[in-house]
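Read the structure below first, then the notes.
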Amino acid sequence: MKITKQQLKHIIKEEFEKVASTSVRQSARQDATAQVAGGVTDSERGIIQTLLKQLTAAAQSGNITSGNVFRLADLLSKELAKTVPQQPEPPQK
């Protein structure tokens, strides 16, 4: 059976999306488990997820490294730094 180059590309794309989706779900599950173990409540987890979704959507629609969103994110970051000890930043990929 012969397949065209376009069909092959489509098959590879579908498989890649399946793998990426599974990876995201596993990562989210691990994050939730770590948060529960660390004493994060469901309500707090909801706030974190809402902020993450909103920041991600804002970044996709424009530049969040300047303007009011950046100012407020910086203010939140500074306030959190006063509340909790500084956490080491994860390595950038």
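The values are calculated or read from the model by the stated rules, or taken from the named source; none is laboratory data. Just so it is clear, the structure is predicted and the values come from calculations on it, not from any experiment. Virtual Cβ from ideal backbone geometry, glycine too; neighbours counted across all protein chains shown.
Name the single residue that is nearest to the chain's Cα centre (by Cα) among those in segment 39-64 being in a loop (DSSP other than H, G, I, E, B) and closer than 19 Å to residue 77 by Cβ.
64
Taking the conditions exactly as written (assigned to a helix (DSSP H, G or I) and modelled with pLDDT of 85 or more), does residue 8 satisfy them or not? Write out each step before concluding.
Details: assigned to a helix (DSSP H, G or I): yes; modelled with pLDDT of 85 or more: no.
Here the answer is no, as residue 8 does not meet what is asked.
Do we have any residue at all in segment 17-25 that's surrounded by 10 or more Cβ atoms within 10 Å (Cβ to Cβ), at pLDDT below 85 and in contact with a Phe, Trp or Tyr (Cβ under 9 Å, 6 or more places away or on another chain)?
no
Checking the conditions here, which among 74, 31 is among the acidic types (Asp, Glu) and either modelled with pLDDT of 85 or more or loosely packed, with under 10 Cβ neighbours inside 10 Å (or both)?
Working: 31 fails: either modelled with pLDDT of 85 or more or loosely packed, with under 10 Cβ neighbours inside 10 Å (or both).
Exactly one residue qualifies, and that residue is 74.
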